[in-house]
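**Q** The structure under discussion is supplied below as structure tokens; questions concerning it will follow.
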Amino acid sequence: MTMQHAASIVLHVDLGERSYPIVIGSSLLSEPDCLRQYITGKRVAVVTNTTVAPLYLSQFTQALNDAGKEVIPIILPDGEEYKNWENLMKIFDVLLHEKGDRKITLIALGGGVIGDMTGFAAASYMRGVPFVQVPTTLLAQVDSSVGGKTGINHPLGKNMIGAFYQPQAVIADIAALDTLPANELSAGLAEVIKHGAIIDALFFDWIEENIEKLVAKDKQALAYAIQRSCEIKAEVVRQDEKEGGLRAILNFGHTFGHAIEAGLGYGAWLHGEAVGCGMVMASDLSHRLGMIDSRSKERIAAVVAAAGLPVKAPNLGVDRWLELMQVDKKNEGGQIKFILLEPLGKAIITTVPNDALVATLNACCETNRP
Ligand code: NAD
Ligand code: GLY
């Protein structure tokens, strides 16, 4: 359901007693009324990082104080390589030191790394405390803040340790994207493109038509991309919260993408960059198996490139690629599961013949050896 709320848009993730609003608007970070309405509890711990804190922590803290909240800041190092056990423990260290009780609300102020770690901390601190997502990257606003997947990386696999834990609210401030670097904006566009490709062919058409505006941070275009992405994700999560089946389609491009991230070392490529390239690879595989035509495959590669994302994968070597793709939560009984398109605008979850997979790896990877 979509509801206009002052200058903001309010969507709802419909999950029974775990339902929550997604508020999308401009300058929400500094609006005490909005924060008072959507954040319960008097004591809040704001988890953020060394990049976002200097940009937004003081205005956010001021607005929270004006909304009657006492704020405990927790500032972590910035980067995917810090989405680990050690930094999760740092959150618990502060919470315990500050004698945070079961009523403390954890607020994630940052991108997907902060959101995933803070959510997992909230899921496990005292067996679960309230949690609010305040996403400040496009990727987090269109994807990671919605749906309750939380967690950290393990050296042997990405996001392998975690929990499904829904936030109480998502507050997405489009104005925060003003300071987002271009490559991070592109990374978020990968997930926007994903939503069109897997579910909504008309949205995919719209993205193609508006990709230049999106790259140029046109506010209206971004607002629509965020709204439509959240609507699509909220509907998938409503149908399959814990990924018994359908939700896995949200991992389009991720089987290849996660292998790129792990193979090059976390942080070498942005998650969204790896997903962008992974979608090109999954489209190549879909085409090889006769599920999409060559025009659809080209359209996907073209829009990924126009979003400023890589379309050629690193050459990790076929054996290493296969080994990395074996470590994926979708796999069952040692068989790698892929999300493919059949046709563009609709996704299926399937295993594939090895020769087609190897042909895709050979076609999509750089020719130089690592
Ligand atoms: P990120 O959290 O690393 O943020 C990207 C960079 O932008 C960081 O350097 C961050 O400090 C900086 N930043 C954040 N907000 C900013 C702002 N407003 N202005 C300037 N700089 C800003 O990366 P991300 O792309 O947001 O998220 C990627 C993570 O999300 C990955 O760990 C991925 O696994 C996870 N993820 C989770 C889900 C989910 O459903 N939980 C879905 C997709 C991705
Ligand atoms: N990003 C995949 C999911 O939330 O299920």
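**Q** Give Ile249, Ile174, Ile198 a once-over and let me know the one that is away from ligand 2 (no atom under 13 Å from the Cβ) and open to solvent by less than 50 Å² (accessible area, probe 1.4 Å).
**A** Values: Ile249 fails: away from ligand 2 (no atom under 13 Å from the Cβ); Ile198 fails: away from ligand 2 (no atom under 13 Å from the Cβ).
Of the residues listed, the single one that is away from ligand 2 (no atom under 13 Å from the Cβ) and open to solvent by less than 50 Å² (accessible area, probe 1.4 Å) is Ile174.
**Q** Turning to a different aspect of this structure: Based on this model, can you work out whether Val215 counts as within 12 Å of ligand 2 (Cβ to nearest atom) and either in contact (Cβ under 8 Å) with a residue 40 or more places away in the chain or under 22 Å from Trp269 (Cα atoms) (or both)? First the steps, then the outcome.
**A** Values: within 12 Å of ligand 2 (Cβ to nearest atom): no; either in contact (Cβ under 8 Å) with a residue 40 or more places away in the chain or under 22 Å from Trp269 (Cα atoms) (or both): yes.
Judged against the criteria, Val215 is not a match.
**Q** Considering only the range 11-54, state which residues are among the hydrophobic types (A, V, I, L, M, F, W, C) and surrounded by fewer than 18 Cβ atoms within 10 Å (Cβ to Cβ). It would help to see each step written out before you state the result.
**A** First, the residues of the range 11-54 that are among the hydrophobic types (A, V, I, L, M, F, W, C): 11, 13, 15, 22-24, 28-29, 34-35, 39, 44-47, 52-53.
Leu15 - this is the single residue of the range 11-54 that is among the hydrophobic types (A, V, I, L, M, F, W, C) and surrounded by fewer than 18 Cβ atoms within 10 Å (Cβ to Cβ).
**Q** Let me ask something additional. I want to confirm something. Restricting to the range 131-150 and keeping residues that are assigned to a strand (DSSP E or B) and within 11 Å of ligand 2 (Cβ to nearest atom), which single residue is least open to solvent (accessible area, probe 1.4 Å)? Walk me through it before giving the result.
**A** If we filter the range 131-150 for residues that are assigned to a strand (DSSP E or B), which is where we start, we get 131-135, 149-150.
Right, trim to within 11 Å of ligand 2 (Cβ to nearest atom) and you get 149-150.
On the way: Lys149: 71, Thr150: 14 Å².
Among residues in the range 131-150 that are assigned to a strand (DSSP E or B) and within 11 Å of ligand 2 (Cβ to nearest atom), the one least open to solvent (accessible area, probe 1.4 Å) is Thr150.
**Q** I need every pair where a residue in the range 170-188 that is farther than 18 Å from Gln133 by Cα has its Cβ under 7 Å from the Cβ of a residue that is among the basic types (Lys, Arg) and in a strand (DSSP E or B), sequence separation at least 6 or different chains.
**A** none
**Q** Additional query: So, Asp240, is that one in contact with a helix residue (DSSP H, G or I) (Cβ under 7 Å, 6 or more places away or on another chain), away from ligand 2 (no atom under 15 Å from the Cβ), under 30 Å from Glu332 (Cα atoms) and open to solvent by 10 Å² or more (accessible area, probe 1.4 Å) or not? Full working, then the answer.
**A** On the way: in contact with a helix residue (DSSP H, G or I) (Cβ under 7 Å, 6 or more places away or on another chain): yes; away from ligand 2 (no atom under 15 Å from the Cβ): no; under 30 Å from Glu332 (Cα atoms): yes; open to solvent by 10 Å² or more (accessible area, probe 1.4 Å): yes.
No: the conditions fail for Asp240.
**Q** Suppose we filter the range 85-102 for residues that are assigned to a helix (DSSP H, G or I), more than 16 Å from ligand 1 (Cβ to nearest atom) and out of contact with any strand residue (DSSP E or B) (no Cβ under 7 Å at 6 or more places or on another chain); how many remain?
**A** Residues meeting the conditions: 5.
**Q** Can you list residue pairs whose Cβ atoms sit under 8 Å apart, with the first residue in the range 238-261 being farther than 20 Å from Tyr20 by Cα and away from ligand 1 (no atom under 11 Å from the Cβ) and the second being open to solvent by 30 Å² or more (accessible area, probe 1.4 Å) and part of a loop (DSSP other than H, G, I, E, B)? Count only pairs 6 or more apart in sequence or on different chains.
**A** Ala248/Lys337; Thr255/Lys337; Ile260/Trp269
**Q** Go through the range 257-283 and report how many residues are away from ligand 2 (no atom under 16 Å from the Cβ) and open to solvent by 10 Å² or more (accessible area, probe 1.4 Å).
**A** Counting residues in the range 257-283 that are away from ligand 2 (no atom under 16 Å from the Cβ) and open to solvent by 10 Å² or more (accessible area, probe 1.4 Å) gives 9.
**Q** Please return the ranges of strands (runs of 3 or more DSSP E) entirely within the range 1-84 where 1 or more residues are out of contact with any helix residue (DSSP H, G or I) (no Cβ under 8 Å at 6 or more places or on another chain) and at pLDDT 95 or above.
**A** Details: elements: 2-5, 8-13, 20-25, 43-49, 70-76.
It comes to 8-13, 20-25, 43-49, 70-76.
**Q** Would you confirm, using the coordinates I've provided, whether Gly162 is of a type in the set (Gly, Ala, Ser), touching a Phe, Trp or Tyr at 6+ places or on another chain (Cβ under 8 Å), open to solvent by less than 10 Å² (accessible area, probe 1.4 Å) and within 12 Å of ligand 2 (Cβ to nearest atom)? Please lay out each step first, then the result.
**A** On the way: of a type in the set (Gly, Ala, Ser): yes; touching a Phe, Trp or Tyr at 6+ places or on another chain (Cβ under 8 Å): yes; open to solvent by less than 10 Å² (accessible area, probe 1.4 Å): no; within 12 Å of ligand 2 (Cβ to nearest atom): yes.
The answer is no for Gly162.
**Q** Right, another one. So Gly267 clears everything in (1) touching a residue at least 40 places away in the same chain (Cβ under 8 Å); (2) under 30 Å from Glu209 (Cα atoms); (3) of a type outside the set (S, T, N, Q); (4) out of contact with any Ser or Thr (no Cβ under 8 Å at 6 or more places or on another chain) except one condition, right? Which one?
**A** Looking at each condition in turn, Gly267 falls short on (2).
**Q** Further question on the same structure: Filter the range 151-166 down to the residues that are farther than 13 Å from Val113 by Cβ, modelled with pLDDT of 95 or more and outside any loop (DSSP other than H, G, I, E, B) and list them by number. Before you say what the answer is, go through the steps one by one.
**A** Step one: filter the range 151-166 for residues farther than 13 Å from Val113 by Cβ, giving 154-157, 160-161, 163-166.
Filter once more, so that each one left must be modelled with pLDDT of 95 or more: 161, 163-166.
Within the range 151-166, Ile161, Ala163, Phe164 meet the criteria.
The values are calculated or read from the model by the stated rules, or taken from the named source; none is laboratory data. Model, not experiment: these values are computed from the prediction. Here Cβ is always computed from backbone atoms with ideal geometry, including for glycine, and neighbour counts include all displayed protein chains. Heavy atoms of the whole protein, side chains included, go into the accessibility calculation; ligands, DNA and RNA do not. Shrake-Rupley method; radii C 1.70, N 1.55, O 1.52, S 1.80 Å.
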